[in-house]
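Have a look at the structure below, then the notes.
The values are calculated or read from the model by the stated rules, or taken from the named source; none is laboratory data. Everything quoted here is computed from the prediction, not taken from an experiment. Here the Cβ positions follow ideal geometry from the backbone for every residue, glycine too, while neighbour counts run over all protein chains shown.
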Amino acid sequence: MQRLNLNPFPVLETERLLLRQLINDDAQEIFIHRSDKRILEFIDIPVAKSMADALAFIGKINNFIAANESAYWGIQLKGRQEIIGSICLWNVDYVEEKAETGYVLHPDFQGKGYMQESITAVIKFGFQKLNLNKMVAEVRHDNLPSIKLLRRNGFVFDSVSEDCEIYSLQNPLQETVAG
Ligand SMILES: CC(C)(COP(=O)(O)OP(=O)(O)OC[C@H]1O[C@@H](n2cnc3c(N)ncnc32)[C@H](O)[C@@H]1OP(=O)(O)O)[C@@H](O)C(=O)NCCC(=O)NCCS
């Protein structure tokens, strides 16, 4: 697999969306995405309590990007500046050639296929550009919208991890090469 190279940052474009690097002007949305109870119901993350927390998070993410450690895209509707959600590739494992994805969408923008569009682009990036062997996602067993998204994209149940389930997707390009 390739080393993650995020400098310059790989902006991903889909039919309706731009997946781009976070900027400090995203702090208001990041604050909501990391504090709205509807979004946090199934995910265990440090809850943002202030705009300062949101700005600190953006700073931390951009340091990871500068160090080529993990990729984190803000999801923007084409023609609008504010982000409606985010998606990442992190926990990059160069030995097993795998990385984990995680994602959130603001509830106002759920049910419209925006994460479907986003994850399609991130899977393509992970398999075609990074040449990952496998992509994984950790999801609570009762997070049905997330499980539905993963299954729709070919992820299958892999294993149990504490109170979560791991779903995984094998790189189809590598399966073909392996015969
Ligand atoms: C997980 C999450 C991103 C899924 O959001 P979502 O909007 O349901 O995801 P999708 O983009 O796959 O959209 C699918 C829905 O849009 C509908 N849809 C509408 N237009 C569509 C289009 N053009 N293409 C695809 N689906 C479309 C689908 O029918 C489906 O609706 P349904 O669930 O009622 O059948 C969202 O629930 C979320 O952010 N949850 C909180 C954070 C979280 O739990 N993250 C995951 C941690 S593992």
Query raised in the report: Hey, among the residues in the range 87-129 that are of a type in the set (S, T, N, Q) and not in a loop (DSSP other than H, G, I, E, B), which one's farthest from the ligand (Cβ to nearest atom)?
Result: GLN128
Query raised in the report: Is the range 7-20 home to any residue that is at pLDDT 95 or above, crowded, with 20+ Cβ neighbours inside 10 Å, out of contact with any helix residue (DSSP H, G or I) (no Cβ under 6 Å at 6 or more places or on another chain) and assigned to a loop (DSSP other than H, G, I, E, B)?
Result: no
**Report entry** Leading residue by the ranking (modelled with the lowest pLDDT) among those in the range 155-174 that are more than 13 Å from the ligand (Cβ to nearest atom) and either part of a loop (DSSP other than H, G, I, E, B) or buried (at least 19 other Cβ atoms within 10 Å of the Cβ) (or both)
**Finding:** GLU162
Report task. State all residues of the range 33-52 that are among the β-branched types (Val, Ile, Thr) and crowded, with 16+ Cβ neighbours inside 10 Å; if no residue qualifies, say none. Result -> ILE39, ILE43
**Report entry** Selected residue (only one of ILE119, ILE65 is out of contact with any Ser or Thr (no Cβ under 8 Å at 6 or more places or on another chain) and β-branched (Val, Ile, Thr))
**Finding:** ILE65
Query - Residue identified as in a helix (DSSP H, G or I), away from the ligand (no atom under 15 Å from the Cβ), more than 25 Å from ASP163 (Cα to Cα) and in contact with a helix residue (DSSP H, G or I) (Cβ under 8 Å, 6 or more places away or on another chain) among ILE58, ILE30 - result: ILE58
Query raised in the report: SER35 versus (1) part of a loop (DSSP other than H, G, I, E, B); (2) among the hydroxyl-bearing types (Ser, Thr, Tyr); (3) within 16 Å of the chain's Cα centre (by Cα): which is the lone unmet condition?
Result: (3)
Query raised in the report: Which number in (1) under 24 Å from LEU130 (Cα atoms); (2) within 13 Å of the ligand (Cβ to nearest atom) marks the one condition that ASP44 misses?
Result: (1)
**Report entry** Residue, farthest from GLN170 (Cα to Cα), within the range 130-147, restricted to residues that are surrounded by fewer than 14 Cβ atoms within 10 Å (Cβ to Cβ) and more than 6 Å from the ligand (Cβ to nearest atom)
**Finding:** ASP142
**Report entry** Residues that are small (Gly, Ala, Ser) and surrounded by fewer than 22 Cβ atoms within 10 Å (Cβ to Cβ), drawn from the range 110-120
**Finding:** GLY111, GLY113
Query raised in the report: Given (1) assigned to a loop (DSSP other than H, G, I, E, B); (2) at positive phi, where does ASP44 come up short, assuming only one miss?
Result: (2)
